Amino acid sequence: MIDPSSPTFWTELWQVLLSGTGQTLYMVGVALLVTVIIGLPLGVLLVGTEKGGLFERLFGSRLVAWVVNRVLDFVVNLGRSIPFIILMIAIIPFTRLVVGTSIGSTAAIVPLALVAIPFFARMVEISLKEVDGGLTEAAHSLGATRWQIVRKVLIPEALPGMVLGLSTTVTSIINFSAMVGTLAGGGLGDVAVRYGYQRYSTIHMVAVIVIIYLIVQGLAVVATSLSRRLSHAPR
Amino acid sequence: MISLSHITKTFGSGDSAVHALDDVSLNVADGQIFGVVGQSGAGKSTLIRTVNMLERPDSGLVTVAGQELSGAGEAELRAARQRIGMIFQHFNLLSSRTVLGNVELALEVIGVDSRQRKARASEILDLVGLTSKSSAYPSQLSGGQKQRVGIARALAGKPRLLLSDEATSALDPETTRSILELVKTISTELGLTVLLITHEMDVVKTICDSAALLENGRIVEQGPLVQLISTPGSRLALDLFPLGAVPPPAGNTIIDITFSGGSADRPVIAQLSRTHGIDVVILGAAIETISGNQAGRTRLQLPGSVENNTAALEDLRSQGLLVELVGGGKS
Ligand SMILES: Nc1ncnc2c1ncn2[C@@H]1O[C@H](COP(=O)(O)OP(=O)(O)O)[C@@H](O)[C@H]1O
Ligand SMILES: [Mg+2]
């Protein structure tokens, strides 16, 4: 039981929240970075290897493109359908292999990225599909290479949609990061469990909820306004 | 500049097969403005897209500026496309880039370095009259301005050939006129060859030297406009100079006379009544300037049956005029 009237209560609360927030931002931040680095090319490949796509002849072969497309599609669907708590436990050996440990904030990054990558890849896929085919055609008519089309046409044009997709992805990473915390991953979820639940501190619980709410809403506002600015739509 | 030879292209197979192009052969000479007209679904877009191989024909040869593109590899094709500009009905501009950025895209693709790129893009924007809009985004432009950007982008890499697929079909008549004027001026200035696709006869009339009529994937007629005009029964000529429905002859003879080149400014009708003493009624007339020459069609009504007017008709024909009997027939 924690005593809010103890003279050190507020400084301790402040420190606990500060380090919890720091850990959460670290886990979410790095997981997000990994998610974008892997999810973006995956999304591009998912769209590109479809029939009529930019890479419908991957390495010169329709079959290769088809196989890659089907495998990616399967993996992405699989990743999205496994409940997070199961995924997190199931991949512990893999996590150890990648970061050398299976507990702590750094270890939490692995399952977080793993759950976010398929999610974000789908978001990227959807945004890319909304790009007008006429633009790809115009770029072809200018003599652009596929790589140039991806870099200079598809990604910039899909960016407003991808930013919104990214903000949804971050929200779900934050959500899952709290769950990771309960398995000794640290962060705000950990604070909520150790102080709010196990030691009955309502103040800790409320503080964690407020902080997470502020982070999620703050991100949403930033993402929406960024997306609107990127889209250069008429006002 | 362009030679298409026996091009076929079929979409789908079996019962649902669409023969978009059926043995199409076409030649466009250097410096010409060549128009292809036809109804929606005739295969016009497919035709123009085979010129830069956005659409690969099933068979036939595509040669542009002496280079056979139908057999070209990917890298070779990209290099060739960099020398062929193309503009589109819906402009196809990147919403993520400014006007200047859109034009620069063409130069980035070619590998022009950043400083030269800016200079060249500004220069071409000046040519299409859009300097003041160079930092605007496409969403802030009117349709006509967007197409000017499209033209600037297409011409930034200094191509010798411009392909235009219904480039004015999304524009109002006034804007259409200004865009056509721009294409005409630029093509003369830069010595550009233009192949344009349209479903509007007006476009052909305004800027084309030659035209082809496409119907169900086949070319029904093609040639220089001046020549088409004086071809009996030419459908393109009829479309160029529509005189409407023929009224009931009621015992009279109705003829269409086609003028072109030198015959246009001769006092044909006055002479007809003077020499043959007949009262000529003018039922309709359509006169245009085509390739710098007056050309047109006049529908006349002569009193009495064809037999009564044999001498007059002979006289007209002997002056080198194209005379077609459209009403009255044999009495
Ligand atoms: N990619 C395609 N797949 C299937 N059918 C097509 C495709 N492109 C064009 N067609 C068909 O080919 C015919 C000619 O099309 P198109 O060249 O676009 O005509 P136009 O430009 O004259 O309107 C149409 O019947 C159209 O439906
Ligand atoms: Mg078309």
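The values are calculated or read from the model by the stated rules, or taken from the named source; none is laboratory data. Please read all numbers here as calculations on a predicted model, not as lab measurements. In this analysis, Cβ positions are derived from the backbone assuming ideal geometry, glycine residues included, and neighbour counts consider all displayed protein chains. What goes into the accessible areas is simple: the full protein's heavy atoms, side chains included, and nothing from ligands, DNA or RNA. Shrake-Rupley method; radii C 1.70, N 1.55, O 1.52, S 1.80 Å.
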Inset, instruction - Can you send over the solvent-accessible area of residue A:3, 1.4 Å probe, protein chains only, in Å² to the nearest 10? - result: 80 Å²
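With every protein chain kept in the model, how would you rank B:15, B:22, B:113, B:165 by accessible area, 1.4 Å probe, largest at the top?
These residues rank, largest area first, as B:15, B:113, B:22, B:165.
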Inset, instruction - Calculate, in nm to one decimal, what residue A:213 and residue A:172 gain on full extension: separation in residues at 0.36 nm each, minus their alpha carbon distance. - result: 13.5 nm
Inset, instruction - Lys and Arg at +1, Asp and Glu at -1: add these up for the other residues within a Cβ distance under 11 Å of residue A:43 and post the number. - result: +1
Inset, instruction - Give a quick list of trypsin sites (Lys or Arg not before Pro) in segment A:32-82 that DSSP marks as loop, anything other than H, G, I, E or B, with at most 11 other Cβ atoms within 10 Å. - result: A:51
Inset, instruction - Could you let me know the centre-to-centre spacing of segment A:196-235 and segment B:1-52, using Cα atoms, in angstrom? - result: 56 Å
Inset, instruction - Note the per residue figure in Å³ for the convex hull of the C-alpha positions in the protein assembly as shown. - result: 216 Å³
Inset, instruction - Using only Cα atoms, tell me the angle between helix B:173-190 and the longest principal axis of chain B; keep it within 0 to 90° and round to the nearest 10. - result: 70 degrees
Inset, instruction - State the dimensionless ratio Rg/Rh of segment B:2-229 (Rg: radius of gyration of Cα atoms; Rh: Kirkwood radius). - result: 0.97
Legend entry - Whole-number Å³ per residue for the convex hull built on Cα positions in segment A:9-231: 127 Å³
Legend entry - Rounded to 10°, Cα long-axis angle of helix A:155-180 versus longest principal axis of chain A: 30 degrees
Inset, instruction - Relative to the longest principal axis of the C-alpha atoms of chain B, give the angle of the C-alpha long axis of helix B:99-110, reported between 0 and 90° and rounded to the nearest 10°. - result: 80 degrees
Inset, instruction - Just report the Cα centroid separation between segment B:111-152 and segment A:82-118, whole Å. - result: 50 Å
Legend entry - Cross-link reach list, aspartates and glutamates versus residue B:205, counting only Cα pairs under 16 Å and skipping chain neighbours closer than eight places: B:166, B:174, B:181, B:221, B:239, B:288
Inset, instruction - Run the quick spin-label model on residue B:56 and residue A:84: label points 7 Å from Cα toward the beta carbon, then report their separation in nm to one decimal. - result: 4.7 nm
Inset, instruction - Would you look at the GNM of chain A, springs on alpha carbons closer than 10 Å, and say which of A:192, A:108, A:90 moves the most? - result: A:90
Legend entry - Residues of type aspartates and glutamates that residue B:118 reaches as a straight line, Cα spacing below 19 Å, ignoring anything fewer than 8 places off in the same chain: B:104, B:108, B:126
Legend entry - Peptide-level mean, for A:130-139, of C-beta atoms on other protein chains within 10 Å: 5
Legend entry - Label-to-label distance, nm, for residues given as residue B:324 and residue B:40 (7 Å Cα→Cβ offset): 2.7 nm
Legend entry - Global form of segment B:193-331, assessed from the alpha-carbon gyration tensor, a/c cut-off 1.5: prolate
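Only bridges whose two residues both fall in segment B:2-229 count here: according to DSSP, what percent of them are antiparallel, nearest 5?
About 50 percent, rounded to the nearest 5.
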Legend entry - By accessible area with a 1.4 Å probe, ligands and nucleic acids excluded, highest first: order of B:88, A:55: A:55, B:88
Legend entry - Förster radius 22 Å - calculated FRET efficiency between residue B:307 and residue B:269, Cβ distance, rounded to 0.05: 0.55
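Taking loop as defined by DSSP and a crowding limit of 14 other beta carbons within 10 Å, which chymotrypsin sites (Phe, Trp or Tyr not before Pro) in segment A:59-143 fit? Spell out each step's value before the answer.
Numbers: sites: A:59, A:66, A:74, A:84, A:94, A:119, A:120; in loops: A:59.
Hits after loop and neighbour filter: A:59.
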Inset, instruction - Can you tell me the dipole magnitude for segment B:110-217 around its Cα centre, using point charges on the Cβ only (Lys, Arg +1; Asp, Glu -1), in Debye to the nearest 20? - result: 660 debye
